[in-house]
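Down below is the structure, laid out as structure tokens.
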Amino acid sequence: MKIEELYDNIAGSLNYIDLVEGLVRGLLYGDFGYRIVLRRADKGGSHRMSDAIQILKGYGVDTFWYGFDSQKMYFRVKKRQARWAEYILLHAGVELLNPAFDHRNAGYAASHAPGWMPRPWSAGREQTMERVTESEQKKPKGILAWLDSL
């Protein structure tokens, strides 16, 4: 074992700030979450932890309780978001080392073309509003539409 790996193993276990923050957030959420494990990018992993967190953030998934050792990086997502988080990360091509939360997610990711990503929930309203034409915006709605139909 190299000295750098030994240091990473020790430093990762002494990461008390993230440990305390994770415990506090787990208590606040009432959910200590599901642990996501990634291979470190400098050890042959496909993505950095910050990349995975940004991908999940775009889809409304909260992450907390970060950690690392000489080979892997860890973070947690709420258990109620774990299936969705795993689905998103697999579609993004992130290599997950943790046991599958939902074994169907790997099949779902394989059934789509490489690079395909579902539309983020946050993009739904803005993209839908862009499609509304001016004539649709001027149409009467509610009671006025009902009165016009008489």
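A few notes on this one:
- Contact map, region 12-38: residues that are without any contact (Cβ under 8 Å) to a residue 40 or more places away in the chain paired with residues that are surrounded by fewer than 16 Cβ atoms within 10 Å (Cβ to Cβ) and not acidic (Asp, Glu), Cβ distance under 8 Å, separation 6+ or inter-chain. No pairs are found.
- Pairing residues of region 67-81 that are touching a residue at least 24 places away in the same chain (Cβ under 8 Å) with residues that are of a type in the set (S, T, N, Q) and assigned to a strand (DSSP E or B), at Cβ distances under 6 Å and at least 6 apart in sequence or on separate chains, gives Phe75/Thr63; Val77/Thr63.
- If only residues of region 1-46 that are among the polar types (S, T, N, Q) and in contact with an Asp or Glu (Cβ under 8 Å, 6 or more places away or on another chain) are counted, the one that is nearest to Glu86 (Cα to Cα) is Ser46.
- Any hit, region 1-12, residues being basic (Lys, Arg) and surrounded by 12 or more Cβ atoms within 10 Å (Cβ to Cβ): no
The numbers here are math on the coordinates, done by the rules we state, and not lab data. Just so it is clear, the structure is predicted and the values come from calculations on it, not from any experiment. Note: ideal-geometry Cβ built from the backbone for every residue, glycine included; neighbour counts use all protein chains shown.
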